[in-house]
1. If I take R0 = 22 Å and measure r between the Cβ atoms of residue A:133 and residue A:272 in this structure, what FRET efficiency does the formula 1/(1 + (r/R0)^6) give, to the nearest 0.05?
2. Based only on Cα atoms, what Rg/Rh ratio does the stretch A:84-229 have, Rh being taken as Kirkwood's radius?
3. For a quick check, take a GNM of chain C with Cα springs below 10 Å and name the residue from C:292, C:59, C:195 with the largest mean-square fluctuation.
4. Against the empirical 2.2 N^0.38 Å scaling, what ratio does the C-alpha Rg of the stretch B:258-310 come to?
5. Once the mean 1/r over all distinct Cα pairs of chain A is inverted, what Kirkwood radius in angstroms do you read off?
6. Measure out, as a whole number of angstrom, how far apart the alpha-carbon centroids of the stretch A:203-245 and the stretch A:46-64 sit.
7. Compute from the Cα atoms of the stretch C:140-245 the Rg and the Dmax, the latter being the longest Cα-Cα distance, and quote both in angstrom.
8. Give the peptides A:42-48, B:63-69, B:208-214 in descending order of average Cβ contacts within 10 Å, highest first.
C-alpha cells in the first residue's frame with residue numbers, strides 16, 4: 001500500500017466555529033445576559049419574590065419604588081410589583097415554551113415529509129399551511145381563545161397554532177434545499193431507508209434555520225401572551241402576567257406609573273433580546289463571510 | 001524588439017491574512033506583445049489569478065500591490081487614479097472568467113449587457129450600441145446574432161455563453177484580453193472551438209492575450225509564450241515550443257510528467273507533497289521540499305531569476321546542470 | 001469469456017419536466033465484466049449521468065433491464081432493492097456536497113454498515129478506521145468533520161464509504177473532475193490501486209479522455225443518449241471508428257506543441273441539438289462531417305467491425321461472421 005501524502009487538516013470543530021462567531025458581537029452577549037436574567041426570574045420566582053404576588057395590602061397601595069421593602073413599588077391594590085413581575089416572567093416563559101412546542105409538534109414532521117417526499121404529502125400539508133397563514137395571527141389566536149374560553153392554556157394553544165404554518169414553511173424550504181444535496185442522493189444509493197434519511201441527514205441540517213425561527217417565535221409568543229392577557233383573554237386576574245399588569249395599571253396611571261412602566265420594560269427587553277438572539281444565530285450559522 | 005503591449009515588472013501583491021500583510025505573489029515579471037498569446041500556468045494557489053486581478057487592480061480591500069509596475073503601452077497602471085483605471089478596465093484591457101453563467105446578469109438580455117459596456121466606454125447612442133452588440137456577437141460565431149441579441153443568458157448553452165462573454169470583452173476593441181481559465185468549465189469539443197476563436201482574434205486584431213490555465217494541452221495548442229508560476233513566483237518563462245522541448249525548472253518538468261495525456265505518452269508521475277501556503281513560504285526555493293533535485297544550497301536564500309540557455313528566464317540554481325527532458329518511448333532517460 | 005457482472009440492455013431513461021418527458025438515454029446496451037474498468041465517456045448532454053442513475057436505480061428507467069449478477073435491478077423495490085444495492089456503490093462528483101456536513105467521517109463511512117449489516121457501534125468504528133487507512137488517511141481523522149478536509153481528501157472518504165461493503169461494482173460519476181490536478185492524480189492512483197487489490201469492477205463516468213486512457217480497460221462513448229462506440233481502450237484511441245469519437249479525440253489537446261499543432265483536427269461545428277427535438281435518423285447526423293443521405297433518414301444499428309468493438313454508424317462495416325453470431 002503506497003504512502004499517499006496528506007495535507008494539513010484545519011482544526012476547528014463546527015461547535016467551536018459557531019461559538020466563536022456567535023460570541024463575538026456584544027449585542028449577542030447582551031441578549032444572552034437578558035435572557036439569562038429572565039430565565040432566573042421565571043424559574044426562581046417562588047424563592048426570589050419578596051412578597052406573595054396575590055397578597056393585597058390596603059395600607060401599601062400605590063407606593064413608589066424603594067418604599068417599605070417594595071423595590072419596585074406597589075399597584076392600586078397594594079400588591080408588590082416586583083413579585084408580580086417575577087411571576088409574570090414565569091407565565092411568559094411558560095407561554096413561550098408551550099406555544100413554540102405546539103408549533104414544532106404540528107409543523108416540523110409534516111414539513112420534513114412534504115419537503116423530502118413531495119407529491120401528495122406536499123400538496124395536502126402545504127394547502128393546510130396556506131389556509132392557516134391567511135389568518136392574521138392575533139385574530140386567529142383571538143378566535144381560538146374565544147371559542148375555547150379565556151385562560152392561559154387556551155391562549156398558549158392558540159399561539160401555538162399560529163406558529164404551526166410558519167415553522168412548517170421554514171422547515172419545508174430548508175428540506176427542499178437539503179434534498180438537492182448530493183449526500184442525500186448518496187444515501188439513497190447506499191440503500192438507506194427514508195426515515196433514517198429524514199432523521200439523520202435532513203433534520204440536523206435543517207436545524208439551523210429552525211433555531212433562528214424558534215428564537216424569533218419565543219419573542220412573538222411573549223408579545224402575544226401579553227397582548228391576550230392585556231385584553232383579558234389570557235391569564236385571568238388575579239394571577240399576574242405582564243399583560244394583565246399593564247391593563248390593570250392603566251387606571252392608576254396618574255397616581256403611580258410604575259405598575260405600567262415595569263412590565264412594559266420587561267416585555268420590550270425580553271422580546272428585543274429574543275430578536276437579537278435570532279439575528280445572532282442566523283449570522284453565526286450561515287456561510288462564513290470571506291474565504292472559508 | 002517591439003515595445004511590449006503589456007509589461008509586468010517585478011509585481012508583488014500582498015493580502016491581509018489574519019491581520020498581517022502577507023506577500024502572496026512576489027516579483028512577477030513578463031511581457032505580452034501585440035497579437036501574442038501568453039499562457040500563465042500554475043496549479044490552484046500558485047498566484048496566477050491573483051496576478052491577473054492585480055493587473056486590473058480588482059483585488060478590493062483585502063489586497064494591495066506593494067511594489068512593481070504594470071505598463072500598458074508604457075503607461076504604469078498602478079499609478080492611475082481609480083477613475084482612470086475604470087476607463088482602462090473593459091475598454092483597453094478586457095477580462096473574461098471561468099464561469100460565464102455567474103459573470104452574466106441573468107436579469108438582462110445579452111444585447112443589453114453588451115450595449116451597456118459599449119455606451120459606458122464609448123458614449124455612443126443606444127442604437128449604435130445595439131448595432132455594435134450584434135456585430136460582436138456575429139464576430140464570435142453566434143448564429144443568427146441579430147435575433148439572439150434579445151435573448152437572456154439562460155437561453156444560451158455553456159459554450160455559447162462563453163462566446164457572449166468574449167463578445168462583450170471585444171465590444172470596446174480592447175488592446176488586451178485577460179482570460180482566466182475560460183475553457184475549464186466547457187466540454188472539450190467546445191473548448192477547441194473557443195481556443196480557435198481566441199487565436200483567430202489575437203491574430204486578426206493584434207490583440208494581446210493573457211491566458212490563465214492549468215491545462216498544458218491548452219497551452220500547447222494556443223500559446224506563444226509560457227509563464228509558469230509556483231507558490232506566488234514565476235519559476236520559468238520561455239517560448240512555448242522551447243519550454244516543452246526542454247523544461248529547465250523541476251516543477252515545470254514535474255507538471256508535464258504529472259498530467260495524463262490523451263496520446264498516452266508516459267504514465268502519470270505524482271509530484272509528492274503540496275504547495276506551501278503564503279504564510280509558510282520557505283526562505284529558499286519554494287519548490288525545494290518537493291523537488292527531487294534539491295541540494296542544500298537550494299534552501300539557503302531566495303533564488304534569483306537567471307537566463308535560460310535557449311531564451312527566457314528560470315528560477316533554479318541547478319538549471320544549467322539538470323536535463324529534465326522526458327524520455328522518449330523506448331529511450332533511457334538521460335542522466 | 002466469463003459472464004459479465006453487469007449487463008445493461010435497451011436502457012431508456014427520461015426526466016419529467018412538468019408534463020413533458022425529456023429523453024436522456026435512448027436505449028443503450030453495456031456490459032461490465034468482473035474486475036473490469038469501463039469508462040463511460042461523453043460531453044454535457046450526452047446522457048451519461050442519467051444512464052448511470054438509471055443503472056443504479058436512483059431514477060427509475062422507462063424501459064430496459066439492468067442485470068447485476070443475473071438479478072434484474074429494474075423491477076426491484078423495497079428490501080430486495082436495498083439488498084441488491086449492497087453490491088453496487090457510488091462515488092459522486094462533488095466532494096463538497098456528497099458528504100453530510102453534520103456527520104463525522106466515521107459516521108459517514110459507517111452508514112452503509114448500519115443499513116446492510118448488524119455491526120455494533122464499536123465494530124463499525126473499527127471498520128471505518130480500517131477503511132480510512134486503506135485510502136491513505138489516518139485513524140485520528142475518524143472523528144473530524146468533512147469541512148475540515150480538502151477536496152481530494154473528501155473524495156478519499158467517499159471512496160472509503162463506497163468500498164466499505166466490498167461491493168462488486170463501483171460506479172464513479174466524474175469522481176475526479178472537481179479536483180485540482182495534483183489531487184486528481186492522487187485520487188485516481190488510489191482508485192486504481194484499490195480496484196485492483198479488491199477485485200472490484202468499476203464503471204467510470206468522465207468527460208476527460210486523458211483520464212480514460214490512464215485507467216480504463218474498455219471505453220463506451222455516448223452522444224445525445226445513444227452509445228455510439230464501445231471498444232477496448234487501446235483500440236479506441238488508436239483507431240476510433242465513429243466520427244464523433246474521432247472528433248472527440250481530435251479536440252482533446254495534447255500537451256506537446258510539436259504534436260498538437262501538426263495534428264489533423266476534425267472540427268465539429270454547431271452545438272448539441274435539442275434533446276426534445278433530435279435529428280431524424282442518426283442522432284449525430286446534424287454535425288457529422290461524414291454524413292451521407294442515409295444517415296439523415298435511418299438510425300444506424302449497432303454493429304461489430306471486429307470482436308469486442310461495437311459502433312453505431314452506417315459507414316462502419318460489420319464483420320459478417322460476428323454479425324451472424326449475434327442473431
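1. Values: r = 25 Å, r/R0 = 1.16.
Between residue A:133 and residue A:272 the formula returns 0.30.
2. Values: Rg = 17.1 Å, Rh = 16.1 Å.
We get a ratio of 1.06 for the stretch A:84-229.
3. Maximum fluctuation in the GNM of chain C, among the listed residues, is at C:292.
4. Working: Rg = 14.6 Å, N = 53, 2.2 N^0.38 = 9.9 Å.
Expressed relative to 2.2 N^0.38 Å, the Cα Rg reads 1.47.
5. Numbers: mean 1/r = 0.0465 Å⁻¹.
Hydrodynamic radius (Kirkwood, Cα pairs) of chain A is 21.5 Å.
6. So the two Cα centres are separated by 26 Å.
7. That works out to 15.5, 51 Å for Rg and Dmax.
8. Working: A:42-48: 14.1, B:63-69: 16.4, B:208-214: 23.9.
Those peptides, ordered most packed to least, come out B:208-214, B:63-69, A:42-48.
No lab work stands behind these numbers, since they all come straight from the coordinates. Not measured: the values here are computed from a predicted model. Cβ: placed from backbone, ideal geometry, glycine included. Neighbour counts: every protein chain shown.
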